[in-house]
Amino acid sequence: MTQLHDTSKVDREPPIPLSYTKPFWEGTRQKKLLLQFDKRNNKYQFYWRPVSIYDGLGDLEAREAEGTGEIFTFTIATRARPPFQGHEPFGIAVVTLKEGVNIMANVINCASEDLRIGLPVKLCWLPLKNGTYLPAFEPAK
């Protein structure tokens, strides 16, 4: 059984947020996964954008996601460039959240043999140097 590496040990630079993504990154300081919600269309969207993907208007609100979902698709990286070089193998998945949006993130605390489409997962957090966190997922046990 091959344990996937915990990519929280990767020394990565925090992103420089765009003006419309600042609420997302500020939410991660409290380990809150914020999604944009379009009240007119009653739908969530992720990743953060300045306007709705449903009607092109800009009246969106931030709502906290539950942080649970299942793996829609995945890959296991066995070769990587810096800063991930030397941390292989690690899992990367597209997770469909309970709220109906997809998010791509690392998968940790999971053996490669256990990683599969449909695997229930829960949110966890990888610390960044500036006090923000990067969302990641681990199997929901």
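Explain nothing, just compute: Karplus ³J(HN,Hα) = 6.51 cos²θ - 1.76 cosθ + 1.60, θ = phi - 60°, for every residue of region 119-125 in order, whole Hz, x for Gly and Pro.
4, x, 9, 10, 6, 9, 10
Using a 10 angstrom cutoff on alpha carbons, build the Gaussian network for the chain and name the most mobile of Pro82, Pro14, Pro50.
Pro82
Which Cα, out of Val101, Leu134, Leu119, lies furthest along the positive dipole direction of the chain (beta carbon charges, K/R +1, D/E -1)?
Leu134
Grab the DSSP H runs of the chain that are 4 residues or longer, score each as -39,500 (n - 2.57), total them, divide by all residues and round the 222 nm result to the nearest 500 deg cm²/dmol.
On the way: 1 runs with 8 residues, N = 141.
Theoretical 222 nm ellipticity from helices: -1500 deg cm²/dmol.
Treat the count of other C-beta atoms within 10 Å as a stand-in for reagent exposure and order Phe24, Phe46, Phe72 from fewest to most.
Working: Phe24 22, Phe46 19, Phe72 15.
Taking fewest neighbouring Cβ atoms as first place, the list is Phe72, Phe46, Phe24.
Sort Lys31, Lys9 so that the residue with the fewest other Cβ atoms within 10 Å of its own Cβ comes first and the one with the most comes last. Before the final figure, lay out the partial values.
On the way: Lys31 14, Lys9 9.
Fewest-to-most ranking of Lys31, Lys9: Lys9, Lys31.
With just the Cα atoms defining each centre, how far is region 73-101 from region 107-138? Give it in Å.
Using only Cα atoms, the two centres lie 9 Å from each other.
Gaussian network model of the chain, Cα springs within a sub-10 Å range: biggest mean-square fluctuation belongs to which of Glu61, Glu88, Glu113?
Judging by the Gaussian network model, the answer is Glu113.
What residues qualify as long-range amide H neighbours of Cys124, i.e. H under 5 Å apart, gap of 5 or more or another chain, H built at 1.01 Å from N?
Amide H neighbours of Cys124: Ala136, Phe137, Glu138.
What ranking of Tyr133, Tyr44 emerges when the number of other C-beta atoms within 10 Å of each C-beta is taken as an exposure proxy, fewest first?
Tyr44, Tyr133
Which residues' amide hydrogens lie under 5 Å from the amide hydrogen of His5, considering only partners 5 or more residues apart or on another chain, with H built in the peptide plane?
Phe90, Gly91
Values in this text are rule-based calculations from the coordinates and carry no lab data. Remember, predicted model here, so these are calculated numbers, not experimental data. Neighbour counts run over all protein chains shown; Cβ positions are idealised from the backbone, glycine included.
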